[in-house]
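Remarks on the structure that follows.
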Amino acid sequence: MYVSSKISAVFGIFFDKEGKILIIENERGIDIPGGHVELGDTDEYSAMKREAWEEAGAEIKNLILLGNVNTHSGSYRGKCMAFFTGDLIKYTSKTMNETEFLVRYSQNKTLLRKFINKAYECRKSP
């Protein structure tokens with residue numbers, strides 16, 4: 001059983017072969033896969049794989065932690081969120097180009113842009 005004293009939520013920025021971002025649609029509108037770390041998750045990496053599968057039908061390999069953010073407002077206030085990228089093996093959800101995604105994304109665009117850029121850098125690294 002895993003209960004993190006630090007990471008309480010995980011989010012993933014995953015790209016298809018054309019470089020489009022894996023998206024989901026939820027009560028907030030267009031979003032990236034993610035959610036709370038739950039009892040039963042062995043760590044935040046397993047939580048990210050579980051959330052990607054539950055929300056996007058996505059199988060992810062080679063997860064890379066992009067960074068953590070402590071939140072001070074919104075539904076995740078007082079929590080620490082971890083952002084990941086990795087290899088998108090298969091998925092049943094939609095993908096969208098970055099520009100269209102950021103136009104339709106209703107949360108913190110500046111923060112997400114930062115992690116999208118980090119995820120792109122990881123894709124380019126050998």
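Being more than 22 Å from CYS122 (Cα to Cα) and of a type in the set (S, T, N, Q) is the requirement here; does SER46 meet it? Reasoning before the result, please.
Values: more than 22 Å from CYS122 (Cα to Cα): no; of a type in the set (S, T, N, Q): yes.
So SER46 fails the test.
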Query raised in the report: Which condition breaks for GLY57 when tested against (1) on the phi < 0 side of the Ramachandran plot; (2) without any contact (Cβ under 8 Å) to a residue 40 or more places away in the chain?
Result: (1)
Query raised in the report: Which one is nearest to PHE115 (Cα to Cα), of the residues in segment 2-26 that are modelled with pLDDT of 95 or more and aliphatic (A, V, I, L, M)?
Result: ILE13
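Within segment 108-118, restricting attention to residues that are touching a Leu at 6+ places or on another chain (Cβ under 6 Å) and surrounded by 15 or more Cβ atoms within 10 Å (Cβ to Cβ), which residue is nearest to TRP53 (Cα to Cα)? Steps first, answer last, please.
If we filter segment 108-118 for residues that are touching a Leu at 6+ places or on another chain (Cβ under 6 Å), which is where we start, we get 109, 115, 118.
Checking which are surrounded by 15 or more Cβ atoms within 10 Å (Cβ to Cβ) leaves us with 115, 118.
Numbers: PHE115: 21, LYS118: 22 Å.
Out of the qualifying residues, it is PHE115.
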Report task. Return yes when ARG113 is among the charged types (D, E, K, R) and either at positive phi or in contact (Cβ under 8 Å) with a residue 40 or more places away in the chain (or both) and no when it is not. Result -> no
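Rundown of residues vs (1) under 21 Å from TYR105 (Cβ atoms); (2) at pLDDT below 95; (3) surrounded by 19 or more Cβ atoms within 10 Å (Cβ to Cβ); (4) in contact with a His (Cβ under 9 Å, 6 or more places away or on another chain), yes/no style:
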residue: ARG28; (1), (2), (3), (4): yes, yes, no, no
residue: PRO33; (1), (2), (3), (4): yes, no, yes, no
residue: LEU39; (1), (2), (3), (4): no, yes, no, no
residue: MET48; (1), (2), (3), (4): yes, no, yes, no
residue: ALA52; (1), (2), (3), (4): yes, no, yes, no
residue: GLU59; (1), (2), (3), (4): no, no, no, no
residue: SER73; (1), (2), (3), (4): yes, yes, no, no
Requested in this report: Output yes when any residue across segment 89-107 is surrounded by fewer than 20 Cβ atoms within 10 Å (Cβ to Cβ), under 15 Å from the mean Cα position of the chain (by Cα), under 20 Å from SER8 (Cα atoms) and not aromatic (Phe, Trp, Tyr), and no when none is.
Outcome: yes
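The values are calculated or read from the model by the stated rules, or taken from the named source; none is laboratory data. Since the structure is predicted, the reported quantities are computational estimates derived from the model, not experimental observations. In this analysis, Cβ positions are derived from the backbone assuming ideal geometry, glycine residues included, and neighbour counts consider all displayed protein chains.
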